[in-house]
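Peer 1: Submitted below is the structure of interest, expressed as structure tokens.
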Amino acid sequence: MAPLPPARAGDNSTADLTGVIRARRRQTWRRRLIAIGIVIALIALVAVAWFSPLLSLQKVQVSGSQLVDTDEVSSFVLDEQGGTPLPQVRPGTVEDSVLKEFPKAEAASVHYAGPRALKIEITDRTPVIAIEGESGFRLYDSEAVDLGTVDKAPKKLTVLNGGGHQPDRETVSAVIRFMGELRPELRHQLVTIEAKDAMSLKGTLDTGKQKAKVVFGDSSDSSLKVRTAAQLAAEGRTEIDVSVPSVPVTD
């Protein structure tokens with residue numbers, strides 16, 4: 001603030017000083033009123049954006065999924081949120097509802113894509129086993145989520161063979177536990193797996209240079225069993241029993 005001018009001598013000096021003070025008070029109030037007006041204008045703009053139908057959700061773009069029908073996801077979100085002003089749409093809420101409605105999706109990333117649109121990126125669950133049936137190959141992930149049926153098993157995905165009969169639920173769960181604990185590189189080496197029951201797992205291991213038939217026993221210690229079998233197969237063994245992985249038996 002600039003210093004007050006010196007008071008002038010004479011009868012009008014006090015009046016001059018009072019006038020300066022009043023002018024500065026008016027200037028201060030003017031600044032305050034301008035600031036208040038700006039705040040009110042901003043609040044009004046936010047209110048308009050919050051409630052305005054001009055910013056209502058009208059389009060949902062969905063991509064990234066092969067297991068989930070992206071058009072169905074778009075329709076589902078528009079049924080739930082369509083017409084809602086975009087500032088009121090919470091991405092986290094949309095993500096949760098999409099994952100609940102479409103269990104084949106492992107993750108859903110939701111972003112604003114303009115004043116009236118959303119963009120959703122779907123990450124599919126990863127199948128760990130394919131079970132052959134009359135209608136094709138049914139896929140499951142490591143959490144035993146049914147990922148649907150395909151005509152042909154995906155490449156490098158282990159196929160469960162029931163040994164001439166359809167495996168029961170307990171056997172399927174044991175195989176899924178076994179496969180779910182394997183790292184992808186180990187899982188890809190296990191070409192097929194057979195199971196008469198939950199305690200009798202065996203399969204065919206392909207290291208790229210050597211194939212071997214392997215007896216695994218139950219579903220415990222799957223990573224150790226497959227690693228041990230892969231090492232023995234690399235040494236030329238073709239018949240391997242790792243049901244007790246610390247004491248493997250070979251041909």
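The values are calculated or read from the model by the stated rules, or taken from the named source; none is laboratory data. All values reported here derive from a predicted model rather than from experimental measurement. Cβ atoms come from the backbone with ideal geometry, glycine included; neighbour counts cover every protein chain shown. To get the accessible areas, we keep the full protein, side chains included, count just its heavy atoms, and leave off ligands, DNA and RNA. Shrake-Rupley method; radii C 1.70, N 1.55, O 1.52, S 1.80 Å.
Peer 1: For percent of Cα pairs over 22 Å apart, several values are listed as (1) 69; (2) 64; (3) 53; flag the one computed from this structure.
Peer 2: For percent of Cα pairs over 22 Å apart, the calculated option is (1).
Peer 1: How many angstrom separate the Cα center of region 133-176 from the Cα center of region 179-194?
Peer 2: Using only Cα atoms, the two centres lie 13 Å from each other.
Peer 1: If the only charges are +1 at each Lys and Arg Cβ and -1 at each Asp and Glu Cβ, what is the size of the charge dipole of the chain around the Cα centre, to the nearest 20 debye?
Peer 2: Taking the Cα centre of the chain as origin, the dipole is about 2160 debye.
Peer 1: Ok, one more. If you filter region 157-215 for trypsin sites (Lys or Arg not before Pro), then keep DSSP loop positions with at most 12 other Cβ within 10 Å, what is left?
Peer 2: On the way: sites: ARG169, ARG177, ARG187, LYS196, LYS202, LYS209, LYS211, LYS213; in loops: LYS196, LYS209.
For trypsin sites (Lys or Arg not before Pro) across region 157-215 that sit outside H, G, I, E and B with at most 12 neighbouring Cβ atoms in 10 Å, the list reads LYS209.
Peer 1: With a probe of 1.4 Å, find how much accessible area region 95-241 has per residue, and write the answer as a whole number in Å².
Peer 2: Here the per-residue accessible area is 54 Å².
Peer 1: Restricting to bridges with both residues inside region 118-251, how much of the DSSP beta-bridge set is antiparallel, in percent to the nearest 5? Mind showing how you got there, number by number?
Peer 2: Numbers: 22 of 30 bridges.
Percent antiparallel among DSSP bridges in region 118-251 is about 75.
Peer 1: Here are some pairs, LYS156/LYS196; LYS156/LYS211; LYS119/LYS156; which of them have Cα atoms lying more than 20 Å apart in this structure?
Peer 2: LYS156/LYS196; LYS119/LYS156
Peer 1: Ok, one more. Under 16 Å Cα-Cα from LYS152, which aspartates and glutamates qualify once same-chain neighbours fewer than 8 residues away are excluded?
Peer 2: The qualifying aspartates and glutamates are GLU132, GLU134.
Peer 1: Hey, another quick one. Can you give me the long-range amide H partners of VAL62? Hydrogens built in the peptide plane at 1.01 Å from N, cutoff under 5 Å, separation of 5 or more residues or another chain.
Peer 2: ILE120
Peer 1: Mind running the shape call on region 139-229? Use the C-alpha gyration tensor, a ≥ b ≥ c as the square roots of the eigenvalues: rounded below 1.5 for a/c, prolate if a/b tops b/c, oblate otherwise.
Peer 2: Rounded.
Peer 1: Given the pairs LYS155/LYS213; LYS104/LYS155; LYS104/LYS209, which span a C-alpha to C-alpha distance of over 25 angstrom in this model?
Peer 2: LYS104/LYS209
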